[in-house]
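Right, one structure below, let's go through it.
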Amino acid sequence: SQGIIERDETTMEKEIAGLHRVDFEFSDIFYFCRKGFEAIVEDEVTQRFSSEELVSWNLLTRTNVNFHYVSLRLTVVWVVGVVVRYCFLLPLRFTLAAIGITSMIVGTTVVGQLPNSSVKSYLSELVHLTCSRILVRALSGTIHYHNKENKPRKGGICVANHTSPIDAIILTNDGCYAMVGQVHGGLMGVIQRATVKACPHVWFERSEVKDRHLVTKRLREHVADKSKLPILIFPEGTCINNTSVMMFKKGSFEIGGTIYPVAIKYDPQFGDAFWNSSKYNIVSYLLRIMTSWAIVCNVWYMPPMVRKEGEDAVQFANRVRSAIAQQGGLTELPWDGGLKRAKVKDTFREEQQKNYSKMLVRNGSIG
Amino acid sequence: LSREDFQRIPELAINPLGDRIINAFFSEGEDQVNFRGFMRTLAHFRPIEDNEKSKDQNGPEPLNSRSNKLHFAFRLYDLDKDDKISRDELLQVLRMMVGVNISDEQLGSIADRTIQEADQDGDSAISFAEFVKVLEKVDVEQKMSIRFLH
C-alpha cells in the first residue's frame with residue numbers, strides 16, 4: 001500500500017553514531033524529532049483500525065471519502081445502486097438471515113436433546129453446516145476455498161486472521177469447528193446456549209477470560225480429546241482492517257497440538273467487511289454488510305504446523321503469522337491489536353532509550 | 001486535537017522525545033490545537049525549495065527556512081522558553097532520551113562538556129546564536145524535512 005510521505009529509513013545507529021564524534025551532540029535530537037513527525041503525519045498502526053481506502057470507487061457512499069462529485073451520470077448510477085441495495089437486496093438478505101438464525105437455534109436445540117452418539121454428531125454437523133450456508137447466502141457471500149486438502153482435522157487448532165465476526169461463519173460454511181469465545185447476552189447468547197448443547201463449543205464467562213490458566217486448561221482438555229472438532233481461534237484478539245496481520249497473542253500457541261493456519265482475505269471492491277467496533281455497533285455493522293454489493297473473499301487452508309524443538313510460544317506465533325500474512329498478501333506488523341483501545345507499553349520506549357544510551361557510551365570517552 | 005489524541009499514535013508514544021514533540025503543537029496554556037495550528041507546526045518540516053529563496057526577500061521568513069527549522073529544534077531543548085538552554089534543561093532532555101541507562105554523573109559530564117564546547121560568551125548556557133554556530137555544518141534541511149509523495 002502506498003504511503004503518503006517518503007520515509008527516511010536510516011536507522012538510529014547510522015544517523016547518530018555514524019557521523020561524529022565524541023558523545024552527545026545537539027543534532028542528535030533531529031533523528032527523534034523527524035521520526036516523531038513522520039509518525040504524526042502517517043503511522044503504520046492507527047490506519048489499520050479504520051477501513052481500507054479503495055483505489056477506485058465501488059458506488060457505496062461509505063467508501064466515498066476521497067472521491068468527489070464527478071458527473072451527473074455517475075450520480076444517477078449511484079442512486080440506482082442505492083435503490084437496488086436497500087429496497088431489493090436488503091429485505092431479501094434480512095429474511096434469509098432470519099431463517100438461518102432461527103433454524104440454527106431450533107435445529108441445535110432439537111439435536112441437543114439427543115444423547116451423545118455418532119448420530120448426534122452427524123446431525124449436529126448437518127445442522128451447523130446448513131445454517132451456516134443459509135447465513136452466508138444471507139450476506140451474499142462468495143467464498144473461494146483454496147487447498148482444501150489442508151482443511152483442519154479433529155483434535156487440531158485452527159488459527160486465522162480476524163477482520164470481522166463474519167469470519168467464523170465463513171469458515172463454518174465449509175466445515176465444523178468448536179468455537180471459542182466470550183458468553184454474550186441477547187440474541188448472541190441465545191445462539192451460544194443453543195449450539196453448545198449440540199456441539200462442544202467452548203464459551204467462557206467474562207470473569208473466566210481474565211484467568212488465562214483456566215482458559216488454557218480448558219482448551220488443552222478439548223484438544224487432547226481427538227474426537228472433538230478442531231478449535232477455531234483468532235489470535236489477534238481484535239478486528240483488524242484486513243490489510244495487515246498484527247501480533248498474535250501467544251496463549252493459543254501454548255496449548256500444544258497441531259496448528260492449522262488459515263488466511264482470509266476479503267475483496268474490498270464489493271463490500272467492506274471490517275468491523276470498526278469503536279465506530280459501529282454490531283447491528284449497524286450487520287446493516288452495512290447487508291447493504292453492500294456482496295462479500296467476496298478468499299480462504300486459503302495452509303499445511304499444518306507444530307512447535308519446533310526449542311521454539312517458544314512467541315516465536316512459534318510469529319512463524320505462523322508470517323505464513324498467514326504471506327499467503328493472504330497482507331503486511332505483517334509487530335504491533336499488538338490491543339493498541340486499538342489501549343496505550344502502548346512503556347517497554348518499547350525504554351528500548352529506544354537503551355539503544356540511544358548504548359551509542360553515547362560506546363562512542364564517548366565518558367568519565 | 002488534544003494531547004491524548006497524539007499519544008494514541010503508538011510510534012509517537014514510544015519516541016523518547018514524544019512528549020516534547022507533542023508540546024510543540026500547543027501554545028502557552030492551551031490544551032487544544034486546531035487545524036491551522038497543526039499546519040503551522042508541521043510547516044516547519046517542508047523541504048526547502050530552491051526557487052523559494054529568491055522570492056519575496058522583503059516578506060516574513062517562511063516557516064521552513066533553515067533558521068526556523070533550527071529555532072524549532074532549539075525550542076525542543078529550551079523547556080522554560082527563556083531563549084537559553086541551561087545546564088538543567090539540557091540534563092532534562094538528555095534524561096528523556098537515555099531513560100535510566102546512564103547515571104547522573106555521566107549525564108552531568110556529558111552536559112557540561114557539550115555546553116563548554118558550544119558556549120562562547122561564557123554564561124554557561126546556550127543562546128540561539130551559539131546553537132546555530134554549533135550546527136552550522138549539519139545538513140539541517142535534509143534532517144528536518146518530510147517529503148510528500150505525489
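The values are calculated or read from the model by the stated rules, or taken from the named source; none is laboratory data. Owing to the predicted nature of the structure, the values given are computational and were not obtained by experimental measurement. Don't worry about glycine lacking a Cβ; one is built from the backbone with ideal geometry, like all the others, and counts go over all protein chains shown.
Here B:SER65 does not qualify as touching a residue at least 40 places away in the same chain (Cβ under 8 Å) and closer than 21 Å to A:PHE30 by Cα.
Hey, could you check the stretch A:169-196 for residues that are of a type in the set (Gly, Ala, Ser) and assigned to a loop (DSSP other than H, G, I, E, B) and say which is surrounded by the fewest Cβ atoms within 10 Å (Cβ to Cβ)? Break it down stepwise before answering.
To start, the set of residues in the stretch A:169-196 that are of a type in the set (Gly, Ala, Ser) comprises A:175, A:178, A:181, A:185-186, A:189, A:194.
Keeping just the survivors that are assigned to a loop (DSSP other than H, G, I, E, B) gives A:175, A:185.
Details: A:GLY175: 20, A:GLY185: 8.
In this case the residue turns out to be A:GLY185.
Being exposed (fewer than 12 other Cβ atoms within 10 Å of the Cβ), closer than 25 Å to A:SER357 by Cβ and not acidic (Asp, Glu) is a property that B:VAL138 lacks.
Is there a residue being aliphatic (A, V, I, L, M), modelled with pLDDT under 80 and either touching an Asp or Glu at 6+ places or on another chain (Cβ under 7 Å) or within 25 Å of A:LYS151 (Cα to Cα) (or both) anywhere in the stretch A:258-272? No: the stretch A:258-272 contains no residue that is aliphatic (A, V, I, L, M), modelled with pLDDT under 80 and either touching an Asp or Glu at 6+ places or on another chain (Cβ under 7 Å) or within 25 Å of A:LYS151 (Cα to Cα) (or both). Out of A:GLY175, A:GLY81, one residue alone is touching a Lys or Arg at 6+ places or on another chain (Cβ under 8 Å) and more than 18 Å from A:GLY328 (Cβ to Cβ). It is A:GLY175. Taking the stretch B:141-150 as the search range and keeping residues that are within 9 Å of chain A (Cβ to nearest Cβ) and part of a loop (DSSP other than H, G, I, E, B), which one is nearest to B:THR114 (Cα to Cα)? Per the stated criteria, the residue is B:MET144. Pairs meeting the criteria (first residue in the stretch B:11-24 and facing chain A (nearest Cβ under 7 Å), second residue of a type in the set (D, E, K, R) and surrounded by 21 or more Cβ atoms within 10 Å (Cβ to Cβ), beta carbons under 7 Å, at least 6 apart or on different chains) are B:ASN15/A:LYS35. For the stretch B:103-140, filtered to residues that are under 30 Å from A:GLU351 (Cβ atoms) and acidic (Asp, Glu), the residue that is farthest from the other protein chains (Cβ to nearest Cβ) is B:ASP104.
List every residue pair whose Cβ atoms lie under 8 Å apart, where the two residues are 6 or more positions apart in sequence or sit on different chains, the first residue falls within the stretch B:90-102 and is assigned by the TED database to the domain that holds B:ILE22 and in a loop (DSSP other than H, G, I, E, B), and the second residue, located anywhere, is surrounded by 22 or more Cβ atoms within 10 Å (Cβ to Cβ) and at pLDDT below 80. Here the result reads none, with nothing in the stretch B:90-102 linked to a residue that is surrounded by 22 or more Cβ atoms within 10 Å (Cβ to Cβ) and at pLDDT below 80.
Mind listing just one residue for me: the one in the stretch A:217-235 that is charged (D, E, K, R) and assigned to a loop (DSSP other than H, G, I, E, B) and, of those, nearest to A:SER164 (Cα to Cα)?
Looking at residues that are charged (D, E, K, R) and assigned to a loop (DSSP other than H, G, I, E, B), I get A:LYS228.
Can you pull out the residues in the stretch B:1-10 that are in a loop (DSSP other than H, G, I, E, B) and either within 7 Å of chain A (Cβ to nearest Cβ) or among the charged types (D, E, K, R) (or both)?
Let us first name the residues in the stretch B:1-10 that are in a loop (DSSP other than H, G, I, E, B), namely B:1-2, B:8-9.
Correct list: B:ARG8, B:ILE9.
Given B:VAL100, B:VAL93, which one is farther than 20 Å from B:ALA73 by Cα and either facing chain A (nearest Cβ under 9 Å) or surrounded by 20 or more Cβ atoms within 10 Å (Cβ to Cβ) (or both)?
On the way: B:VAL93 fails: farther than 20 Å from B:ALA73 by Cα.
Within the list B:VAL100, B:VAL93, the selection yields B:VAL100.
Taking the criterion of being modelled with pLDDT under 80, among the β-branched types (Val, Ile, Thr) and in the same structural domain as A:VAL306 (by the TED database), would at least one residue in the stretch A:220-236 satisfy it? Within the stretch A:220-236, one or more residues are modelled with pLDDT under 80, among the β-branched types (Val, Ile, Thr) and in the same structural domain as A:VAL306 (by the TED database). Within the stretch A:1-53, the set of residues being facing chain B (nearest Cβ under 7 Å), touching a Gly at 6+ places or on another chain (Cβ under 8 Å) and either over 20 Å from B:ALA118 (Cβ atoms) or at pLDDT 65 or above (or both) comprises A:PHE24, A:GLY36. Within this structure, A:GLY155 passes the test of being closer than 22 Å to A:ARG218 by Cα and crowded, with 16+ Cβ neighbours inside 10 Å.
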